[in-house]
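Colleague: Structure provided below as structure tokens; questions to follow.
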Amino acid sequence: MTRTHSKTKRTAFIVAAGLAAVTTLAACSSSSDGGGGGGDGGSGPVTISYGVWDDTQGKVMQQIADKFHEAHPDITVKVQITPWDQYWTKLQTAATGGAAPDVFWMNESNFATYASGGVLANLSDKLDGSEIDMSNYIDIQTEAYTFDGSVYGIPKDIDSIGLWYNKALFAAAGIAEPTGDWTWDDMVAAAQKLTDPSKGQYGIVAQSAPQQSYYSTIPQTGGQVISDDKKSSGYDTPEAIKGVQVWVDLVNKYNVSPTLQQMTDTDADTWFTSGKAAMIFEGSWAAAEFKEIPYAAENANVAPMPKLDQPGGVSNGLGNVMSAKSEQPEAAWEFLQYLGSKEAETAQADAGIVMPAYKGTTDSWVKAFPEFNLQVFVDALENSTQYPSSMNSAAWQDPIELEFNKAWGGELTAEQAAANAAKIMNDALAAEK
Amino acid sequence: MTSQLVPPVEQGQRRSMPLPRPGTKRRSLRHGDRYWAYLLIVPTAIGLTVFSIWPALQTFYFSFTKWGTFGGHEWTGFDNYTQVVHDPELLRSLWNTVIFSVMTLLGIPLSIGLAALLNTKGLRWVSVYRAVYFLPVVTMPAAIALVWKLIYNGDTGILNQFLAVFGIDGPHWLSDPATAIYAVGIVSIWSSLGYNMVLFIAGMQSIPGEFYEAASIDGAGTWRQFFGITMPLLTPTTFFVTVITVINALQAFDLVYLMVGKASPAIEESQTVVYLFYAKGILQGDGGYAAAIAFALLALILLITALQFRAQKRWVHYE
């Protein structure tokens with residue numbers, strides 16, 4: 001009798017312990033939802049999450065969020081930083097489970113995928129009578145965050161590409177620094193003079209990252225990466241091929257750039273910031289990075305991209321979006337409006353992290369880096385086109401980069417690589433619906 | 001069959017703690033004991049079901065579908081498997097995986113030699129040496145990859161600086177399509193050397209000392225003893241290590257991902273099957289096809305392992 005009794009007791013204990021473990025787990029998972037018990041907004045204090053991927057910017061985003069909290073004491077914003085490499089994987093999984101952050105960063109490549117997938121809240125209905133006026137933002141950014149005629153994102157920032165150069169290396173070679181009048185041929189001639197194999201020094205780093213290479217030159221040779229209706233690829237046109245060819249020539253014909261293998265082992269920016277290459281096509285975002293490297297801060301400056309056949313360029317930029325499944329839609333919308341305000345956009349510029357998408361606030365960004373001639377990037381916006389993207393950009397972007405890498409490596413001609421790229425893109429676009 | 005897969009470490013312990021031999025009639029468990037046994041494996045069983053078995057079944061189901069980006073999917077029958085059979089990229093990655101596996105297998109004789117050296121009687125600082133060789137096993141792959149990337153760097157790496165002393169102009173090891181897979185393979189051998197070494201040392205220590213005494217009385221030298229006694233009696237360990245090494249090599253991913261990466265000009269010539277699975281499923285969002293790749297790989301691993309178990313009858317000696 002006693003034995004059975006103690007056994008029952010033991011069983012009861014184990015069951016109880018098991019239940020406790022299970023409920024603890026459940027408690028963990030519900031608290032990580034981030035929402036907490038606030039209910040449906042408006043009533044009582046609520047906490048919302050803001051998903052971003054950049055460490056440096058994350059700190060500024062937190063300052064902006066704190067400023068917002070001062071004006072809206074009921075809403076606390078938690079900035080969640082996920083490193084770039086995991087950001088999209090994590091976001092996709094979270095979005096599939098309906099647990100995306102309330103407000104988060106979006107880029108142009110992924111925007112249409114998320115907007116068409118029902119992950120993002122449609123903001124068009126909310127815009128009337130709100131503090132947001134979409135005409136305040138640089139037009140290509142407003143367009144970039146509009147899908148099927150509806151607005152799904154508030155433009156956060158914008159970038160453009162310039163020709164960064166090393167003043168010291170130009171002076172040492174006795175060559176005049178680049179100006180806005182430079183043609184592509186001027187650049188090639190300078191690069192040839194600046195290349196010195198005995199010192200392991202190159203005239204330019206012709207990196208194969210799309211935005212810093214063919215995305216920037218194809219608009220200048222009169223071509224298109226993707227058609228305006230986003231139904232077909234423009235890579236196999238003579239104009240687009242020329243936009244690729246000019247880069248391949250720098251590496252394989254003029255030998256004024258490190259090879260692709262060299263740029264893979266040591267990344268392109270490092271070639272430039274260590275004084276081993278005199279020029280590089282880099283983005284406005286590089287200003288913040290170069291400023292932190294003493295050698296680059298002292299010797300780097302930037303000029304407009306050299307001229308090809310016609311003015312052109314490409315701009316990418318982030319948008320702030322909100323989850324369609326947010327449990328705190330009112331608080332999230334309130335915060336989104338603040339992020340799109342002139343005050344918050346200017347705060348980014350003052351901190352010098354990015355060029356804001358709000359018209360007329362770029363001046364404070366230019367002033368944040370007196371050592372560089374950043375007006376170049378603001379002027380470049382005038383001729384910039386949208387960053388190439390489609391409903392499922394991920395299906396073609398990486399595979400196409402690999403094709404063009406083969407042209408950089410000399411395995412394929414620019415024409416062959418462009419033909420392969422066009423086929424990859426057209427197949428992927430045909431699979432979109 | 002199953003008893004033979006037990007790592008030889010335990011076979012060594014058998015001497016001091018006899019376990020029932022397979023086939024020996026065991027005392028049947030009373031009903032109440034069995035109840036407790038089941039209760040005790042419940043937590044593990046739940047974990048295994050939730051985190052391994054159920055996802056595996058789902059992956060199998062998804063391999064017959066086309067995946068929507070945010071969870072939706074449509075049934076496409078054998079389409080993904082048809083693509084598996086006709087995909088030149090997959091064929092290439094299979095070949096890369098074979099090269100990689102053969103390379104890591106070459107690490108096994110190395111570990112045996114190392115184990116024999118570090119099992120020498122009277123060797124000073126033996127635990128220091130063992131710890132040194134074992135360190136890579138407990139080091140994070142990310143740290144290993146980072147350090148080796150610096151060593152392999154074509155322009156500034158110490159490997160090429162060393163080769164330059166002899167007038168050799170070394171390649172860009174990790175970015176050159178001709179060398180990348182071998183460069184990664186060497187790191188893989190280096191990082192698994194210590195783990196295999198420990199298993200082999202344990203295997204060697206379980207060989208009874210009388211055999212060696214008898215052999216030396218008969219006049220057999222060190223080499224003769226090594227090839228006549230150590231190697232044959234080590235075969236169960238060698239078999240175990242070979243099976244595990246092949247399975248691990250066929251699933252290689254982390255070093256390729258960390259050391260070569262998606263933007264490298266050498267990625268097509270060095271991506272393994274699992275890397276391709278990652279590229280298709282995660283980077284390009286084609287989850288259905290990635291699932292089919294995973295099951296094709298599973299079939300391959302099962303086949304190879306089955307072949308190994310058949311072949312072992314010819315070369316593995318159990319005392």
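The values are calculated or read from the model by the stated rules, or taken from the named source; none is laboratory data. Because the structure is predicted, anything quoted here is derived from the model rather than measured. Reconstructed Cβ throughout: ideal geometry from the backbone, glycine too, with neighbour counts over all protein chains shown.
Colleague: Could you say which residue among B:Thr235, B:Thr305 is out of contact with any strand residue (DSSP E or B) (no Cβ under 8 Å at 6 or more places or on another chain) and either charged (D, E, K, R) or crowded, with 16+ Cβ neighbours inside 10 Å (or both)?
Modeller: Among B:Thr235, B:Thr305, only B:Thr235 is out of contact with any strand residue (DSSP E or B) (no Cβ under 8 Å at 6 or more places or on another chain) and either charged (D, E, K, R) or crowded, with 16+ Cβ neighbours inside 10 Å (or both).
Colleague: I've got another one for you. Quickly run through the stretch B:192-229 and pick out the residues that are closer than 22 Å to B:Phe134 by Cα and small (Gly, Ala, Ser).
Modeller: Answer for the stretch B:192-229, where residues must be closer than 22 Å to B:Phe134 by Cα and small (Gly, Ala, Ser): B:Ser192, B:Gly194, B:Ala202, B:Gly203, B:Ser206.
Colleague: Can you spot a residue in the stretch A:290-304 that is part of a loop (DSSP other than H, G, I, E, B) and buried (at least 24 other Cβ atoms within 10 Å of the Cβ)?
Modeller: no
Colleague: Hey, could you check the stretch A:260-289 for residues that are acidic (Asp, Glu) and away from chain B (no Cβ under 13 Å) and say which is surrounded by the most Cβ atoms within 10 Å (Cβ to Cβ)?
Modeller: The qualifying residue surrounded by the most Cβ atoms within 10 Å (Cβ to Cβ) is A:Glu282.
Colleague: Continuing with the same structure: Which residue out of B:Ile108, B:Ile99 is at pLDDT 95 or above, within 28 Å of B:Phe295 (Cβ to Cβ) and part of a helix (DSSP H, G or I)?
Modeller: Exactly one of B:Ile108, B:Ile99 is at pLDDT 95 or above, within 28 Å of B:Phe295 (Cβ to Cβ) and part of a helix (DSSP H, G or I), namely B:Ile99.
Colleague: Out of the residues in the stretch A:167-196 that are among the charged types (D, E, K, R) and under 23 Å from A:Phe377 (Cβ atoms), which is surrounded by the fewest Cβ atoms within 10 Å (Cβ to Cβ)?
Modeller: That would be A:Asp181.
Colleague: Out of the residues in the stretch A:386-426 meeting the condition of being of a type in the set (Asp, Glu) and touching a helix residue (DSSP H, G or I) at 6+ places or on another chain (Cβ under 8 Å), tell me which one is farthest from the other protein chains (Cβ to nearest Cβ).
Modeller: A:Glu415
Colleague: In addition: Have a look at B:Gly107, B:Gly113, B:Gly185, B:Gly167 and point out the one that is away from every other protein chain (no Cβ under 14 Å) and either among the charged types (D, E, K, R) or at positive phi (or both).
Modeller: The unique qualifying residue is B:Gly167.
The rows are residues; the columns are (1) farther than 30 Å from B:Glu74 by Cβ; (2) within 14 Å of chain A (Cβ to nearest Cβ); (3) touching a helix residue (DSSP H, G or I) at 6+ places or on another chain (Cβ under 7 Å).
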position	(1), (2), (3)
B:Leu255	yes, no, yes
B:Lys262	no, yes, yes
B:Ser270	yes, yes, yes
B:Tyr275	no, yes, yes
B:Gly287	no, yes, yes
B:Phe295	no, no, yes
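Colleague: Moving on to the next point. In the stretch B:170-180, which residue that is buried (at least 24 other Cβ atoms within 10 Å of the Cβ) and hydrophobic (A, V, I, L, M, F, W, C) is nearest to the other protein chains (Cβ to nearest Cβ)?
Modeller: Per the stated criteria, the residue is B:Leu174.
Colleague: Right, here's the next one. Only one of these conditions is not met by B:Ala116: (1) within 30 Å of B:Ile229 (Cβ to Cβ); (2) over 26 Å from the mean Cα position of the chain (by Cα); (3) assigned to a helix (DSSP H, G or I). Which number is it?
Modeller: (2)
Colleague: Tally the residues that are surrounded by fewer than 13 Cβ atoms within 10 Å (Cβ to Cβ) and within 14 Å of chain A (Cβ to nearest Cβ), restricting the search to the stretch B:127-145.
Modeller: Residues meeting the conditions: 1.
Colleague: A:Ser257 passes all but one of (1) within 13 Å of chain B (Cβ to nearest Cβ); (2) in contact with a Phe, Trp or Tyr (Cβ under 6 Å, 6 or more places away or on another chain); (3) more than 22 Å from A:Pro399 (Cβ to Cβ); which number fails?
Modeller: (1)
Colleague: Something else now. It is to be established whether one or more residues within the stretch B:278-288 are surrounded by fewer than 21 Cβ atoms within 10 Å (Cβ to Cβ) and among the charged types (D, E, K, R).
Modeller: Within the stretch B:278-288, not a single residue is surrounded by fewer than 21 Cβ atoms within 10 Å (Cβ to Cβ) and among the charged types (D, E, K, R).
Colleague: Could you go through the stretch A:119-137 and let me know if any residue there is within 14 Å of another protein chain (Cβ to nearest Cβ) and either touching a strand residue (DSSP E or B) at 6+ places or on another chain (Cβ under 8 Å) or touching a residue at least 12 places away in the same chain (Cβ under 8 Å) (or both).
Modeller: Among the residues of the stretch A:119-137, at least one is within 14 Å of another protein chain (Cβ to nearest Cβ) and either touching a strand residue (DSSP E or B) at 6+ places or on another chain (Cβ under 8 Å) or touching a residue at least 12 places away in the same chain (Cβ under 8 Å) (or both), which makes the answer yes.
Colleague: Looking at (1) farther than 25 Å from A:Thr76 by Cα; (2) away from every other protein chain (no Cβ under 14 Å), which is the one condition that is false for A:Thr89?
Modeller: Of everything listed in (1) farther than 25 Å from A:Thr76 by Cα; (2) away from every other protein chain (no Cβ under 14 Å), A:Thr89 misses just condition (2).
Colleague: Here's something else I'd like to know. With the checklist (1) over 24 Å from the mean Cα position of the chain (by Cα); (2) under 15 Å from A:Trp184 (Cα atoms) in hand, flag the one item A:Asn255 doesn't pass.
Modeller: So the condition that A:Asn255 fails would be (2).
Colleague: Looking at the stretch A:140-152, I want the residues that are free of Cβ contacts under 8 Å to residues at least 40 places away in the same chain and have a partner that is buried (at least 22 other Cβ atoms within 10 Å of the Cβ) and of a type in the set (A, V, I, L, M, F, W, C) with Cβ atoms under 6 Å, at least 6 apart or on another chain. Which pairs are those?
Modeller: These pairs meet every condition: A:Phe147/A:Ala115; A:Val151/A:Leu123.
Colleague: May I pose another question? Can you tell which of B:Asn153, B:Asn160, B:Asn96, B:Asn119 is over 30 Å from A:Gln261 (Cβ atoms) and surrounded by 17 or more Cβ atoms within 10 Å (Cβ to Cβ)?
Modeller: Answer to the check: B:Asn119.
Colleague: Now for a separate question. With respect to the numbered conditions (1) within 14 Å of chain B (Cβ to nearest Cβ); (2) closer than 30 Å to A:Val79 by Cβ, which one is the sole condition not fulfilled by A:Val251?
Modeller: Only one criterion in (1) within 14 Å of chain B (Cβ to nearest Cβ); (2) closer than 30 Å to A:Val79 by Cβ is unmet by A:Val251, namely (2).
Conditions tested, residue by residue: (1) within 27 Å of B:Ile181 (Cβ to Cβ); (2) of a type in the set (Asp, Glu).
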| position | (1), (2) |
| --- | --- |
| B:Gly71 | no, no |
| B:Asp79 | no, yes |
| B:Val85 | yes, no |
| B:Leu106 | yes, no |
| B:Gly122 | no, no |
| B:Ala131 | no, no |
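Colleague: Can you tell me how many residues in the stretch A:321-375 are farther than 26 Å from A:Ile48 by Cα and either of a type in the set (D, E, K, R) or part of a helix (DSSP H, G or I) (or both)?
Modeller: Total meeting the criteria: 10.
Colleague: Please pick out the residue among B:Thr59, B:Thr65, B:Thr69 that is modelled with pLDDT under 90, under 23 Å from B:Ala291 (Cα atoms) and surrounded by 16 or more Cβ atoms within 10 Å (Cβ to Cβ).
Modeller: Answer to the check: B:Thr69.
Colleague: State whether one or more residues within the stretch A:338-352 are in contact with a Ser or Thr (Cβ under 8 Å, 6 or more places away or on another chain), touching a residue at least 24 places away in the same chain (Cβ under 8 Å) and not charged (D, E, K, R).
Modeller: Within the stretch A:338-352, not a single residue is in contact with a Ser or Thr (Cβ under 8 Å, 6 or more places away or on another chain), touching a residue at least 24 places away in the same chain (Cβ under 8 Å) and not charged (D, E, K, R).
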